[in-house]
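Just so it is clear, none of the values below were taken in a lab; they were calculated from the coordinates. Everything numeric here is computed off the predicted structure, so don't read it as measured data. Reconstructed Cβ throughout: ideal geometry from the backbone, glycine too, with neighbour counts over all protein chains shown.
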Amino acid sequence: MNAIDKFRKRRLQRMDSKFTDDIQAFRKRRDARLAKRGLPPAYRLDILYQDAEENWITMNGTPVKVEEGQTAEEAGKAFAEKKESERGKSELQVGELDRRISDIDERIEQISSKGRFEITDQERREVRDLHEERRELNKQKSLEQKIEGAKATELEAAKYEAQRTQAIESKLNELVQKGIETGNEHLSLIGIDGAQVGYNDDGTPNGIGYTKDMQDTVWSSPPNSITVAHNHPANSPLSDSDFMNLAVPAVREVVAKGHDGSIYAIQRGSGQFPETQKEILGVWKRVNKAVTAKYDTMYSNGETTLDRAFTEHIAEVNEAVAKEFGWTFTRGN
């Protein structure tokens, strides 16, 4: 067991309840920074949301500038029309893929209809290549459909931005309170309208999963429609298991709040849809291996505390993995 592992074990045994004071201090620092930029106070995790009164509106987490002579409603409509146009292009791409797949099927059927001894070696090679092309086209079609679905969800989600933001913040505070009482993790699934669509309170001090009903929910929901919110008793950044939630197309973001008030979030946004959790885990392991020695050395040389080494180590892995997939990683304390 190395120094980081020993620290993790001790840390799970040292939970406290000072998160309220930490949150208040964080908000004061944040609002002071916003005031310097002439922006109003705002709070949703550590993500800046700008107010329409300052010539900005927020559409699904995206700051949209209200141009001179525009009303907030007109700016929002223009943004929505742009997204709808992008969605139309995606539908066209799916249609083209369908046509090519249909052509491939027709050619394979044409060759296969010949007698066994009438098919030439060249035609056999052609069928093999066509099957390979078809597999690749189906993978591309699946991805396009996920992107198309995510864009449609984005337009719908924009209608509920305020209530979803409030619901996530409120639910995180509730999960932390329960975590302080039990010492375990608790998990909530939140839909685009801010409603809770799943809950599990059967966690451990360092992990929690989906119930059967929650699995059914996430696999039957539209792309980018669900926020996974949970508490971290150890106050740690997001784990590899947290990141692997984004292998599920329906998951738009994963947010964890520590009992010390620290907040870590990963959002898909317009980033990739990995095909499997194994793909995410592979990147995680590679990145983690690359930075482990760095923090072990820093701690051994007395350049940092074990607490700080652990937090910064995992946070750096979070940021690097997110960058590789085109996702957005944020943290607040």
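A few comments on the model shown:
- Table column - 3J(HN,Hα) (Hz), the range 190-207, Karplus curve with 6.51, -1.76, 1.60, x for Gly and Pro: 10, x, 5, 8, x, 7, 6, 10, x, 8, 9, 10, 9, x, 10, x, 9, x
- For the residue pairs 146/257; 159/257; 178/257; 171/212; 294/323; 146/178, the alpha carbons lie more than 24 Å apart in 146/257; 159/257; 146/178.
- By the count of other C-beta atoms within 10 Å, a proxy for reagent exposure, 298, 214 are ordered fewest to most as 298, 214.
- Prolate/oblate/rounded call for the range 241-301, Cα gyration tensor, a/c under 1.5 rounded: oblate
- Charge tally for residue 209 (other residues, Cβ to Cβ under 13 Å; Lys, Arg +1; Asp, Glu -1): -4.
- Subtracting the Cα-Cα distance of residue 324 and residue 211 from 0.36 nm times their residue separation leaves 37.7 nm of extension gain.
- Distance in nm between pseudo-label sites at residue 126 and residue 160 (7 Å out along the Cβ direction from Cα): 5.2
- Over all other residues within a Cβ to Cβ distance under 12 Å of residue 136, the charged ones net out to +2, with Lys and Arg as +1 and Asp and Glu as -1.
- Residues 109, 169, arranged from fewest to most other Cβ atoms within 10 angstrom of their Cβ, appear as 109, 169.
- Relative exposure of 266, 192, judged by other C-beta atoms within 10 Å (fewest first): 192, 266
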